[in-house]
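This report refers to the structure that appears directly beneath it.
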Amino acid sequence: MRIVIGEGSCGIAAGAQKVYDALAPLLENTGARLGITGCIGMCFLEPIVDIYEKGLLLKRLVRVTPDDAAAIADAVKSDDLSPLDRLAITDEDKSFLDRQTRIALRHCGVIDPEDLNAYLDVDGYKALDKVLHTMSQDDVIAEIKTSGLAGRGGAGFPTWFKWNAAKNAAGDEKYLICNADEGDPGAFMDRAVIESDPHLLIEGMLIAAYAIGAKEAFVYVRAEYPLAIVRLQKAIADATAKGYLGDNILGTDFCCRLRIKAGAGAFVCGEETALIESLEGSRGMPRLKPPFPAEKGYENKPSNINNVETFANVSWIILNGGEAFAAMGTETSKGTKVFALTGKIKRGGLVEIPMGLTLRDVIFNIGGGIRENKRFKAVQLGGPSGGCIPEALLDTVIDYKALSATGAIMGSGGMVVMDETTCMVNMARFFLDFTTKESCGKCVHCRIGTKRMYEILTRITEGEGRPGDIELLEELCDAIRSGALCGLGQTAPNPVLTTIKYFRDEYEAHINEKRCPAGECAALRTYTINKDACRGCTLCAKKCPVGAITGAVKEPHAIDADKCIKCGQCKTVCRFGAVEVR
Amino acid sequence: MCDCAKSDLTLLDGILAEYASVRGSLITILQKAQDVYGYLPTDVLYRVAQATGNTPAKVMGVATFYTQFRLTPVGKHLIMLCKGTACHVNGADAVEKAICEELKIKDGETSEDGLFSLKTVACLGCCSLSPVMMIDEDTYGSLTPTKAVEIIRNIRKEAAV
Ligand SMILES: Cc1cc2nc3c(=O)[nH]c(=O)nc-3n(C[C@H](O)[C@H](O)[C@H](O)COP(=O)(O)O)c2cc1C
Ligand code: FES
């Protein structure tokens, strides 16, 4: 038997390593092998322990704790797994995976990411072998063109076109770059791929390097992903040792070196020209385009940049043919897309689905809907460059064009679900806070414009909104969108524009009635005590930092609204749920 | 120059020998230097500038551009509290408030006993466990204000014994 524990960053954060450490000594001399795998994608069930026999998954145990280790070891020793049924995944939860179509994630949570042989066992490096021995550069590009693969980093630009431009660019010295900066907060698809299947990324990159004629490649990984860096380093070393990377790869003339560059924490470095500046060791300030990186990129040499997930699809396309890939999806968007489903969702994790499903399919069918059976309010796609899509548009299909038509974007795959308790004005403020901090400062529209928008949004959430603020925001959005230098500024208005478009009533309630319908904006809340529920225990009165609560022992208490600073401590301490917030 | 030229600059020798002549390595050098010193003292920045043939202004420019670099020392434990989208939606603000009250510091500051520094970041990539924080190498998920304070108190207790 083989016991496998899911050890991606989130599994480890949920306690997977502790489970491993508890199991390891107990399984010694039992004949069972203990191993690890990457991210299974069912983050809501971590830590997950899989029991395999002859490559077959016998049982998947979920939310395992170190205390369960003894029971697991006993069951394995006695060859009777039935006592573990209490830990087994339910059919309902299983459907989270069964309803997906996995290409980029096909080995995630299946193979050991630290073992090259495990990758070879699942046809690893076969696509590279095929490319190097039977395909020309143009053949590869043609196959990618047939597949319809588009960039998964956000903009959705056709991958073959970029490769072709880089291949045709003048000069011998060319560079291939993988964008693993994954700056969109709420997104972790790229991290999962690198942590769970690093060789898949390497193989995809090598095929691309061959197609464009690059001998040097970089992976630019964000600093917050230490585990991804460690696993990728090991994969590079192993692949180099076995001749899949380096000089004369697989006995051919093709040589390619791959290096990791760790980012240093700047969202704008996800933008391709800023990323190149950062690779060169400078401040990550975007350059004006054109010239595009395909002509003048790293060190002013022709360069091609793709996202991690884009590369993760390449070997599958080579092995199965571009047509098989293009058979999935819609007229304008082919293949699958990975989303990181998070927020107020019941079943959060990694979801890979064919393009063309609806948002409702993903959020309700796969994700199981909203936690605590609250009401769905909006879903945020595309992070700081994207927008919030309301309930009325849940049947929008997942496709670059259809999503853009809503005012949001496909983005890199962050999908944050919000319920009725999330204030949409505050959400817009949250994103503008982010963009003002991350604006590199090079152009005035972005540097100052986002700041002004942030100030206006802040005053609205603090109850100081003025008539005309919405129109002022719209005017600023317009100016920033057309005046900013790079994608960061040009798309920064999106969170504001979509929330105004779909949740204008919330803005108006804040401005005109000084009311936050979601009850999230502290300054607009009012706290009262429900006389029938209050037992007069005096706890809240003792806790109140400003002495706003009065009342006799065993008598209902009351809050003086003029004194109340809305800190919420009374609500936290009340054991009878008597403090009400509006 | 600066008035604080006290760092042991020989600690940089190995790093500079390996990277100073490699094109585009400034960020890597600063990252390694920060690993050594815990932060980037001004005299270290000058030394890096001199060894790499950059102006001090360029080195300072890079060091202040990226959020990873610190120009002041940090406490024994670095708390990185995520305020990314998923964590925001799931209540990171309340967790931040509780941590700040417990340690009597604001974002970017160090507690009086020098044990903890707090830094808010945008997304640690563990969004499904949001709200999330990282203390040194360990990640803690599904935080509540109470849980976060408990974790900090436990570390403090361990430090006391
Ligand atoms: C502000 C900004 C941030 C970006 N962040 C990322 C990122 O984190 N990861 C990514 O792959 N692309 C990001 N992009 C898109 C890249 O500029 C580029 O289009 C992409 O890496 C190209 O790869 P693809 O064609 O495979 O999508 C960002 C763009 C902008 C404007
Ligand atoms: S948003 Fe906090 S970990 Fe991603």
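The values are calculated or read from the model by the stated rules, or taken from the named source; none is laboratory data. From a predicted model like this one, the values you see are computed outputs, not experimental measurements. So basically every Cβ, Gly included, is an ideal-geometry build from the backbone, and we count neighbours across all protein chains shown. Protein only, heavy atoms only, side chains kept; ligands, DNA and RNA dropped before computing areas. Shrake-Rupley method; radii C 1.70, N 1.55, O 1.52, S 1.80 Å.
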>> Residue under question is residue B:137, and the condition is that it be open to solvent by 10 Å² or more (accessible area, probe 1.4 Å) and closer than 28 Å to residue B:18 by Cβ; does it hold?
In response: yes
> What number goes with the only condition from (1) outside any helix (DSSP H, G or I); (2) open to solvent by less than 10 Å² (accessible area, probe 1.4 Å) that residue A:106 does not pass?
Replying inline: (2)
> Take the residues of the stretch B:103-130 that are within 11 Å of chain A (Cβ to nearest Cβ) and away from ligand 1 (no atom under 16 Å from the Cβ): which is most open to solvent (accessible area, probe 1.4 Å)?
Replying inline: B:119
> When residues of the stretch A:39-58 are filtered for being touching a strand residue (DSSP E or B) at 6+ places or on another chain (Cβ under 7 Å) and surrounded by 19 or more Cβ atoms within 10 Å (Cβ to Cβ), how many remain?
Replying inline: 12
> What pairs come up if the first residue lies in the stretch A:178-194 and is at the interface with chain B (Cβ under 8 Å from one of its Cβ atoms) and over 23 Å from residue A:107 (Cβ atoms), the second is among the hydrophobic types (A, V, I, L, M, F, W, C) and part of a loop (DSSP other than H, G, I, E, B), and their beta carbons are under 6 Å apart, counting only those six or more places apart or on different chains?
Replying inline: A:185/B:122; A:185/B:123
> For the stretch A:400-429, which residues satisfy the criterion of being within 16 Å of ligand 2 (Cβ to nearest atom), open to solvent by less than 10 Å² (accessible area, probe 1.4 Å) and under 19 Å from residue A:487 (Cβ atoms)?
Replying inline: A:411, A:413, A:414
>> Exactly one condition in (1) in a strand (DSSP E or B); (2) in the same structural domain as residue A:167 (by TED's automatic domain parsing) is false for residue A:34; which is it?
In response: (2)
> Does residue A:394 meet the test of being in contact with a Leu (Cβ under 6 Å, 6 or more places away or on another chain) and more than 14 Å from chain B (Cβ to nearest Cβ)?
Replying inline: yes
> Of the residues that make up the stretch A:123-138, is at least one over 16 Å from residue A:203 (Cβ atoms), surrounded by 14 or more Cβ atoms within 10 Å (Cβ to Cβ) and of a type outside the set (Ser, Thr, Tyr)?
Replying inline: yes
> Only one residue in A:468, A:489 is over 29 Å from the mean Cα position of the chain (by Cα) and either open to solvent by less than 20 Å² (accessible area, probe 1.4 Å) or without any contact (Cβ under 8 Å) to a residue 40 or more places away in the chain (or both), so which one is that?
Replying inline: A:468
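Rundown of residues vs (1) within 13 Å of another protein chain (Cβ to nearest Cβ); (2) at pLDDT 95 or above, yes/no style:
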{"site": "A:389", "(1), (2)": "no, yes"}
{"site": "A:402", "(1), (2)": "no, yes"}
{"site": "A:421", "(1), (2)": "yes, no"}
{"site": "A:427", "(1), (2)": "yes, yes"}
>> Only one of B:87, B:100 is surrounded by 18 or more Cβ atoms within 10 Å (Cβ to Cβ) and more than 16 Å from ligand 1 (Cβ to nearest atom). Can you tell me which?
In response: B:87
> So, in the stretch B:140-157, of the ones that are farther than 16 Å from residue B:105 by Cβ and more than 13 Å from chain A (Cβ to nearest Cβ), which residue ends up most open to solvent (accessible area, probe 1.4 Å)?
Replying inline: B:157
> Can you name the condition, by its number, that residue A:41 falls short on among (1) within 14 Å of chain B (Cβ to nearest Cβ); (2) assigned to a helix (DSSP H, G or I)?
Replying inline: (2)
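Conditions (1) among the aliphatic types (A, V, I, L, M); (2) modelled with pLDDT of 95 or more, marked per residue:
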| site | (1), (2) |
| --- | --- |
| A:34 | yes, yes |
| A:55 | no, no |
| A:79 | no, no |
| A:102 | no, yes |
| A:115 | no, yes |
> Of the residues that sit in the stretch A:373-395 and are of a type in the set (Gly, Ala, Ser) and away from ligand 1 (no atom under 16 Å from the Cβ), which one is farthest from the chain's Cα centre (by Cα)?
Replying inline: A:392
> Can you name every residue in the stretch A:161-196 that is in contact with a Pro (Cβ under 6 Å, 6 or more places away or on another chain), away from ligand 1 (no atom under 12 Å from the Cβ) and either within 24 Å of residue A:133 (Cα to Cα) or hydrophobic (A, V, I, L, M, F, W, C) (or both)?
Replying inline: A:169, A:174
> Is it the case that some residue within the stretch A:235-248 is open to solvent by 40 Å² or more (accessible area, probe 1.4 Å), within 14 Å of chain B (Cβ to nearest Cβ) and of a type in the set (A, V, I, L, M, F, W, C)?
Replying inline: no
> What are the residues in the stretch A:394-447 that are among the charged types (D, E, K, R), assigned to a loop (DSSP other than H, G, I, E, B) and touching a Phe, Trp or Tyr at 6+ places or on another chain (Cβ under 9 Å), if any?
Replying inline: A:420
> Which members of the stretch A:195-215 meet the condition of being away from ligand 2 (no atom under 16 Å from the Cβ) and within 14 Å of chain B (Cβ to nearest Cβ)?
Replying inline: A:196
> Only one of these conditions is not met by residue B:65: (1) within 16 Å of ligand 1 (Cβ to nearest atom); (2) open to solvent by less than 30 Å² (accessible area, probe 1.4 Å); (3) free of Cβ contacts under 8 Å to residues at least 24 places away in the same chain. Which number is it?
Replying inline: (2)
>> If I ask for residues that are within 16 Å of ligand 1 (Cβ to nearest atom) and not in a helix (DSSP H, G or I), which ones from the stretch A:224-262 would you list?
In response: A:224, A:225, A:260, A:261, A:262
> Which of the residues belonging to the stretch A:553-568 are more than 22 Å from residue A:515 (Cβ to Cβ) and open to solvent by less than 60 Å² (accessible area, probe 1.4 Å)?
Replying inline: A:556, A:557
> Of the residues A:115, A:91, A:50, A:80, which is more than 29 Å from residue A:337 (Cα to Cα) and more than 21 Å from the chain's Cα centre (by Cα)?
Replying inline: A:80
>> Can you pull out every residue in the stretch A:285-314 that is within 14 Å of chain B (Cβ to nearest Cβ), more than 10 Å from ligand 1 (Cβ to nearest atom) and not hydroxyl-bearing (Ser, Thr, Tyr)?
In response: A:285, A:297, A:299, A:300, A:301
>> For the stretch A:327-354, which positions are of a type in the set (A, V, I, L, M, F, W, C), surrounded by fewer than 24 Cβ atoms within 10 Å (Cβ to Cβ) and in contact with a strand residue (DSSP E or B) (Cβ under 7 Å, 6 or more places away or on another chain)?
In response: A:328, A:353
> Out of curiosity, is residue A:441 surrounded by fewer than 17 Cβ atoms within 10 Å (Cβ to Cβ), at pLDDT below 95, over 21 Å from the mean Cα position of the chain (by Cα) and outside the structural domain of residue A:153 (by TED's automatic domain parsing)?
Replying inline: yes
> Within the stretch B:1-104, which helices (runs of 4 or more DSSP H) (wholly inside it) include 3 or more residues that are not assigned by TED's automatic domain parsing to the domain that holds residue B:130?
Replying inline: B:13-19, B:26-37, B:42-52, B:56-65
